[in-house]
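Remarks on the structure that follows.
Quick note: the coordinates plus some simple rules give every number you see, no bench work behind them. Here the structure is a predicted model, which is why all the values come from computation and not from measurement. Glycine gets a Cβ as well: all are built from the backbone with ideal geometry, and neighbour counts include every protein chain shown.
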Amino acid sequence: MHIQLIRHATLKVGYKGRTFLVDPMFSREGELPAVVNTPNQRPNPGVELPLPVSDVLAGIDAILVTHTHADHLDPAATRLLPKHLPLFCQPPDREKLLELGFEQVFPVEGEREWEGIRLTRTGGRHGTGEIGEKMGPVSGFVLKANQEPTLYIAGDTIWCEEVERAISVHQPEVVVPFAGAARFLTGDPITMTKEDIARLAECAGESQLFVAHMEVWNHCLLSRRELRDYMSERGLSARVRVPEDGETVEYQR
């Protein structure tokens, strides 16, 4: 298995001979407005893609969308993605994705098999209290296949009971948390903080972490350097990878 961080939450995952494109967001730097009522009011995304869209699309066999917020599926991606490819999603997003023109939309209620790969949907919390409710439903996904590491893509969630349960049930060898400590001007963070990542790493035993969702969207305030330093202070650097945009990491079972 290999994982390439394209940018933010956009990943290319090579798994069991197939390539998934996760949470595609293709907008050019500054093409989209800042999220309202958030710190750091600059246009999004904050950086360009590290490679051409044609290279991102090369060789993909399926699309996985954790949820349809604009930083996980933007207008540029909707326009440029091949509409005939299988697209896996959470059930509440099915109708929207069909309306956007995708032809093979497969909601994952519990589990779904595809090409020898079992996809399982997990829960999460996109923040706390009223803000968490307003952010709507979000999901994580676990990929399992013979002779491959079990992969858990946590999605846009804070550390919570649902994440802890997913780790306990699925025992993933690789976890992709979405960090950045994104927040609004009021309330708690809506994605994982450095403290959340440390809790996840400690709960996940010997699992390797590949941390995404950083330094791109205007309200993601946690930097890679700060997260790396925090992991180093806690002796977790060997297990917590904080990749740069475009970086690829190979994982063996």
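Bin all alpha-carbon pair distances of the chain at 10 Å intervals from 0 and give each bin's fraction as a whole percent.
Binned Cα distances yield the sequence 7, 34, 40, 17, 1.
Are any of the pairs LYS16/LYS194; LYS12/LYS194; LYS12/LYS134; LYS83/LYS194; LYS16/LYS96; LYS83/LYS144 more than 27 Å apart by Cα-Cα distance, and if so, which?
Pairs exceeding 27 Å: LYS16/LYS194; LYS12/LYS134; LYS83/LYS194; LYS16/LYS96.
Suppose each label sits 7 Å from its Cα in the direction of the beta carbon; what would the ALA238-HIS84 distance come out to in nanometres?
Roughly 4.9 nm, to one decimal.
What fraction of the DSSP beta bridges in the chain is antiparallel, stated in percent and rounded to the nearest 5? Please report the intermediate quantities before stating the final value.
Working: 26 of 44 bridges.
Here the antiparallel bridges make up roughly 60 percent for the chain.
Tabulate in residue order the Karplus-calculated ³J(HN,Hα) for region 117-122, using 6.51 cos²θ - 1.76 cosθ + 1.60 with θ = phi - 60°, rounded to whole Hz; enter x for Gly and Pro.
So the Karplus estimates, Gly and Pro as x, are 10, 9, 9, 10, 8, 10 Hz.
Could you pull out every residue, at least 5 positions away or on a different chain, whose amide H is within less than 5 Å of the one on ALA9? Hs are placed 1.01 Å off N in the peptide plane, and Pro or chain starts have none.
Amide H to amide H, under 5 Å and 5 or more residues apart or across chains, ALA9 pairs with HIS213.
Please report, in cubic angstrom per residue, the volume enclosed by the convex hull of the alpha-carbon atoms of region 35-161. Show your work: numbers first, answer last.
On the way: hull volume 18.8 nm³, N = 127.
In region 35-161, the Cα convex hull volume per residue is 148 Å³.
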